[in-house]
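Taking it in order: structure first as structure tokens, then the write-up.
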Amino acid sequence: MTELRPRVVIEAVTPVVDCGRFAAKREVGDTVEVEADVFADGHGGVAGRLLVWRPGADAPWTSPLQLLVNDRWHAAFNADELGRWRFALEAWVDHLATWRKDTAIKEAAGLDISVELEEGARRLERLATENDGDRELRLRWAARLRAYPGGSDAETSLLADPELLAVIDEQGPRPPARRTPAYELVVDPRLARFSAWYELFPRSAGAPGEHGTLADVEARVDEIADLGFDVLYLPPIHPIGRVNRKGPNNTLVAGPEDPGSPWAIGASEGGHDAIHPQLGTEADLRSLVAKARQRGMEVALDIAWQCAPDHPWVTEHPSWFHWRPDGTVQYAENPPKKYQDIFPLEFETPDWPALWDELARVVRHWIDLGVRVFRVDNPHTKPFAFWEWLITEVKTAHPDVLFLSEAFTRPKVMHRLAKLGFSQSYTYFAWRNTAWELREYFTELTSDPGRQYFRPNVWPNTPDILTEYLQDGGRPAFVTRLVLATTLAASYGIYGPAFELCEAQPREPGSEEYLHSEKYEIRRWDLAVEQSLRPLIARLNRIRRAHPALQRDRNLVFHGTDNEQLLCASKATDAGDDAREDAGKNADNDVILTVVNLDPHHAQSGWLSLDLGALGLDGGPFAVEDLLCGGTYTWHDPHPYVHLDPQGTPAHVLHVKRAPR
């Protein structure tokens, strides 16, 4: 044995994902709370420090660990820069601090401590021979200890002098110290944590009888921004294949004027790096991105790694596709659905390095045009290794770029994609309808370990998803799902026009496909009709922006009700870690309580069972202001009565006024 082994143990470090295999995630401006169990054998005390490397830095800065309770230690740092950070913990047996503590105990007991004082002086003299720290100060304190007679009380004892305590704290790591590996932490823009997405098809944005353009979308930017959205998401804007083009309602034969599906990418005009000629030019896209950013929004583009049969890659790179024995390419299938107009890419091709490089080039192309947000179609059908490589490559050069994973698949696969680097993930929110399902699912989404890396983005509808709940529930069902999405999750999205107008007619009974789906035809939407949800959408987005409690996921708490048709949940800026980062000086006053009637057909009533501690209350009367419907109420105990009618007031979004402390 050539060297003494460390006696200190460092365990259960947070935030760490899979023992450090993957990076945890935070957002710029967050205070990153680092904790660990730190202890050693015997009775000696321990000390430690946090080491933090900023993105690209070679040397760390350090901060001392502070004891919380029961050998749990803590330190924190402010993640004030985008990019990939690293942190580690280092700890050691603190012999000098242990000496001071034990000597102080003996002095308080009236014992002779002259030998102990000499021991402390010699420790400080040895410490003075080291280069780190104030040598003269250490020697001066060695002399003071030798001259100190002892016998003072605890308050006046030289051993309690703050300067001596500072000398001890300043000594730094003592060999043999224990250091953890350097764990990674990806710091993203705040948009990764809190966002509202609006999806529209650019080709439907034009005047009646005309093919919409990117310029038409730009003309709608002010209107969409006024609704309070942060991301304007466009389905694929590339040329659409003509071979096997689908007609209305996914029919196999398209007419000469049928536009086809935007996800059947590629034609003679170009592929994934081209814009459909009828939509406009790269200059038009740049203009749209600039206008959206001027209004506080980002434009998100769709990434769909698949090709129409007439995509240029099919002839230029035939090895990138799976050819069947009959000489045809296997088209995409998701039984019972068939996509005859789409060829999947063959990621196991021997030419995979060239394929990967080309796909990365496509992403960089759109980044060069100003795009910073990408919604990725079906990432779970592509290799995990590819996504880890691509996202790391992109975010190393552009740490402000975000990727939304559209993977409706098994939970472990969804979580793996998030670990690999996807900034946000679609969820199964659309199909969670009962109070029990919602409580269980959102508790899962907001609990460790997933909350360290999985950021949920909930959508009540998409162009592919028209749930039975929306089909059968009428306008009240849309209102209910909107309130749930905007209050339970920090990030949500809607397939805009269809949701605003409560579009609910399926292609056929039992189908979640829309009749006259916009995926296959150009639609004209009259968004000014009386039944439009636009005023409600705008109001809820204003509430979300005004209340920091709604801008995080980790602070979600469910409360009891005596009626399972009622769901009650709250968010508070001082509940849970990281919950009050953006709340400012009024953080302690921001508590939102939401009560929703999940039954779109009948009025429901019941008594709530509120966790007053989660609401920052300690009993007594408290006021709640209904931000959705207006009015202020005084509740006198944790069991208020509520009555919610889906035809009038299906939900309360309440700002809780805390009692004076």
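The values are calculated or read from the model by the stated rules, or taken from the named source; none is laboratory data. Small disclaimer: the values here were computed from a predicted structure and weren't measured. Cβ coordinates were reconstructed from backbone atoms using ideal geometry, including for glycine residues, and neighbour counts include every protein chain displayed. Please note that ligands, DNA and RNA were not included when accessible areas were found on the heavy atoms of the full protein model with its side chains. Shrake-Rupley method; radii C 1.70, N 1.55, O 1.52, S 1.80 Å.
A few notes on this one:
- A cut-off of 5 Å between modelled amide H atoms, ignoring neighbours fewer than 5 places along the same chain, links Arg375 with Leu301, Asp302, Ile303, Leu404.
- If the chain linking Thr632 and Gln66 were pulled fully straight, counting 0.36 nm for each residue of separation and taking away their Cα-Cα distance, it would gain 199.4 nm.
- 222 nm mean residue ellipticity, helices alone, for the chain (DSSP H n ≥ 4; -39,500 (n - 2.57); rounded to 500): -8000 deg cm²/dmol
- Distance from the Cα centroid of the range 345-409 to that of the range 482-547 is 28 Å (rounded to whole angstrom).
- Whole-Hz Karplus values for the range 337-353 come out as 6, 10, 10, 5, 8, 9, 9, x, 7, 9, 6, 8, 4, x, 8, 4, x Hz, taken residue by residue from phi with 6.51 cos²θ - 1.76 cosθ + 1.60 and θ = phi - 60°; glycine and proline positions read x.
- Distance between the range 287-301 and the range 1-57 - C-alpha centres, whole angstrom: 40
- Degrees separating the helix 135-147 axis from the principal Cα axis of the chain, which is the longest one: 40
- Over 21 Å between alpha carbons, listed pairs Lys338/Lys412; Lys382/Lys519; Lys25/Lys395; Lys337/Lys419; Lys419/Lys571: Lys338/Lys412; Lys382/Lys519; Lys337/Lys419; Lys419/Lys571
- Whole-Hz Karplus values for the range 638-652 come out as x, 10, x, 9, 10, 9, 10, 10, x, 7, x, 10, x, 7, 10 Hz, taken residue by residue from phi with 6.51 cos²θ - 1.76 cosθ + 1.60 and θ = phi - 60°; glycine and proline positions read x.
- Using alpha-carbon coordinates, inclination of helix 534-546 to the longest axis of the chain, degrees: 10
- The label-point distance for Asp153 and Glu170, in a model that sets each label 7 Å from Cα toward Cβ, rounds to 3.0 nm.
- Karplus-based coupling profile of the range 156-164, in residue order and whole Hz: 9, 4, 4, 5, 9, 4, x, 5, 5, with θ = phi - 60° in 6.51 cos²θ - 1.76 cosθ + 1.60 and x standing for Gly or Pro.
- Ordering of 529-536, 94-101 by packing [mean C-beta count within 10 Å, highest first]: 94-101, 529-536
- Sparse-neighbourhood loop sites, GluC sites (Glu not before Pro) in the range 306-350 - DSSP loop, at most 15 other Cβ within 10 angstrom: Glu348
- Rounded to the nearest 10 square angstrom, His380 shows an accessible area of 50 square angstrom against a 1.4 Å probe.
- To the nearest ten degrees, helix 95-108 and the longest principal axis of the Cα atoms of the chain are 50 degrees apart.
- Placing dummy labels 7 Å off each Cα toward the beta-carbon, the span from Val115 to Asp562 is 7.2 nm.
- At q = 0.13 Å⁻¹ the log10 of I(q)/I(0) for the range 112-206 amounts to -0.64, computed by Debye summation with a single uniform scatterer per C-alpha, solvent ignored.
- Calculated FRET value between His516 and Trp607, using beta carbons and R₀ = 45 Å, to 0.05: 0.50
- Note on Asp273 and Phe384: with the Förster distance fixed at 41 Å, the Cβ-Cβ geometry gives a FRET efficiency of about 0.95.
- Sequence-distant residues sharing a close amide H with Tyr514 (under 5 Å, placed H): Arg507
- Sequence of Cys568, Cys629, Cys19 from largest to smallest accessible area, 1.4 Å probe: Cys19, Cys629, Cys568
- Here the accessible area of the chain is 51 percent carbon and sulfur, with a 1.4 angstrom probe and all protein chains present.
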